[in-house]
């Protein structure tokens, strides 16, 4: 699809907005529909879109496998880290009340970081699955 | 923060944290260190919890400080603490064993992923056991199942992939049935907390959605625990998975599923519904007997050593479910003890078989499929390995002095209590089948001549020591039953008291 001019131009125009929309869904999840899971999927979809138009190798240069695998693990660590932070601040596991002097703010802070963790892992998983499926044929050709 | 107050959370969180760390480090050795540390910490936490339950009774831990039934509660009673010990203890022994074992069985660049999956699987199994929230059980069930599918697929034999896929299909059906059942329960009661569910269900026990929920949950969990006609996924999964994985799964995965069944039958639906209004005991009795005879019989005719013991597992699960069908404290005690004892014995056997694979393969050779003709005269070449299998095999048969005897004793006591003498006969008769398949190994290993030119080639010490720890445990718990039977009896009394 690399020779398809319309797609290339539209893609280049749209992809920044797709990624931005993902960030919007992430941070607006408190007030409207959205949250970490949806944001992670939309963000990954933007990169998958890029890979379909400009080729898998190009996408892998921008978002390397190593980074994807780190994202997989990092998100879970952030999520669990919020829980452990609650422990260290004197509450129970995943206790958000103790994360700030004001318990309501504490709840806000806790859910914010948990959703960040969810978004990172979901985005990583989506990309990992896409990379693995997309590179299957290639690897067999090489071999 | 005081450590002892947060043990229920740490029990699950520490192995859970070790998994992503293993992925981040991307190094086999470091991943091994961190996941093993996680498993040992979990074992320490399980010991701590077991002691705490003895002192203060049932522990309730509120995740996120939200009180149950609104928030998620971790609940440790005697039964849960006993299962936690089995699961984390097995992991603590199998993980050090893994290091030498997977060297030959899994490509080196995948080692860190193996440890990550192991950590996740452990966290999932511990989570199922400790949580007091029905939906949370499902979440942890999926965590442990998905990582199990990956672990099985890592087996060297290409058939491992097919076995894993088959388990994936069956396991997913099981998990789906389970969550449909939970959905019906939520529909009827509006709560997910297990204790709360148990109380609220009393009022609506006879309604059709509750019966449908019971059916879905029982069938779904029975798939996961490999109850006889639903065991189809198990033999191949055990046969082709890497040795360490087989040992870990055989000792924990099906056992935790049995725990879930016990938990839902006794703590949620209650004994009146299960045992007096529905013909479930008769059904369970029939299926258990079928498992004890049919699966043990099939085991006798297997040509592959691992496969033979896999079928034996299906048969032994029959004894565990048989204890459930009695509706008595002794029957339940027998189930819980046998769940523990059989887990130990099977872990020992599969660990020793893993050592055998390594020993026979030598350096760098392809790992052989252990058919019986390759085992001729093995006792001369690997005396310790073979003797270990014989000891653990005696426990499978139920010879006095081994752990297996203790659990069968309580089964027989429970049967006599109800005056069902023919069940005693059935238990003894099916034990003879176990004699037959263990004897097949003894005959080939001890009485057949070894092939020419084979010297002594015992399995490496790194594999022998963990395996023998398990063998010693099976013998130890056959002689000193105060821990196993004591815990099981207390757990059974607790369940029956609450379940009335």
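The values are calculated or read from the model by the stated rules, or taken from the named source; none is laboratory data. Everything numeric here is computed off the predicted structure, so don't read it as measured data. Quick reminder, even Gly has a Cβ in these numbers, built from the backbone with ideal geometry, and neighbours come from all protein chains shown.
Would you please list the contacts, defined by Cβ atoms under 9 Å and residues six or more apart or on different chains, that run from a residue in the stretch B:312-331 that is at positive phi to a residue that is assigned to a helix (DSSP H, G or I) and surrounded by fewer than 24 Cβ atoms within 10 Å (Cβ to Cβ)? Close Cβ pairs (under 9 Å, with a partner that is assigned to a helix (DSSP H, G or I) and surrounded by fewer than 24 Cβ atoms within 10 Å (Cβ to Cβ)) amount to B:327/B:271; B:327/B:274; B:327/B:275; B:327/B:276; B:327/B:281; B:327/B:496.
Criterion first (within 30 Å of residue B:3 (Cβ to Cβ) and either out of contact with any strand residue (DSSP E or B) (no Cβ under 6 Å at 6 or more places or on another chain) or more than 14 Å from every other protein chain (Cβ to nearest Cβ) (or both)) does residue A:53 satisfy it? Judged against the criteria, residue A:53 is not a match.
The set of residues from the stretch B:23-39 being within 8 Å of another protein chain (Cβ to nearest Cβ) and in a helix (DSSP H, G or I) comprises B:23, B:24.
Does at least one position in the stretch B:332-343 carry a residue that is within 17 Å of the chain's Cα centre (by Cα), over 17 Å from residue B:481 (Cβ atoms) and at pLDDT 90 or above?
Let us first name the residues in the stretch B:332-343 that are within 17 Å of the chain's Cα centre (by Cα), namely B:332-343.
Checking the rest, the ones that are also over 17 Å from residue B:481 (Cβ atoms) come to none.
No: the stretch B:332-343 contains no residue that is within 17 Å of the chain's Cα centre (by Cα), over 17 Å from residue B:481 (Cβ atoms) and at pLDDT 90 or above.
Being over 23 Å from residue A:33 (Cβ atoms), within 13 Å of another protein chain (Cβ to nearest Cβ) and within 13 Å of the chain's Cα centre (by Cα), is that true of even one residue in the stretch A:99-115? There is no residue in the stretch A:99-115 that is over 23 Å from residue A:33 (Cβ atoms), within 13 Å of another protein chain (Cβ to nearest Cβ) and within 13 Å of the chain's Cα centre (by Cα).
Give A:87, A:67 a once-over and let me know the one that is buried (at least 20 other Cβ atoms within 10 Å of the Cβ) and within 14 Å of another protein chain (Cβ to nearest Cβ).
Working: A:67 fails: buried (at least 20 other Cβ atoms within 10 Å of the Cβ).
After applying the criteria, what remains is A:87.
Among the residues here, residue A:74 qualifies as within 14 Å of chain B (Cβ to nearest Cβ), touching a residue at least 24 places away in the same chain (Cβ under 8 Å), under 22 Å from residue B:18 (Cβ atoms) and surrounded by 18 or more Cβ atoms within 10 Å (Cβ to Cβ). Is there a residue being in a helix (DSSP H, G or I), modelled with pLDDT under 95 and on the phi > 0 side of the Ramachandran plot anywhere in the stretch B:57-64? Yes, the stretch B:57-64 has at least one match.
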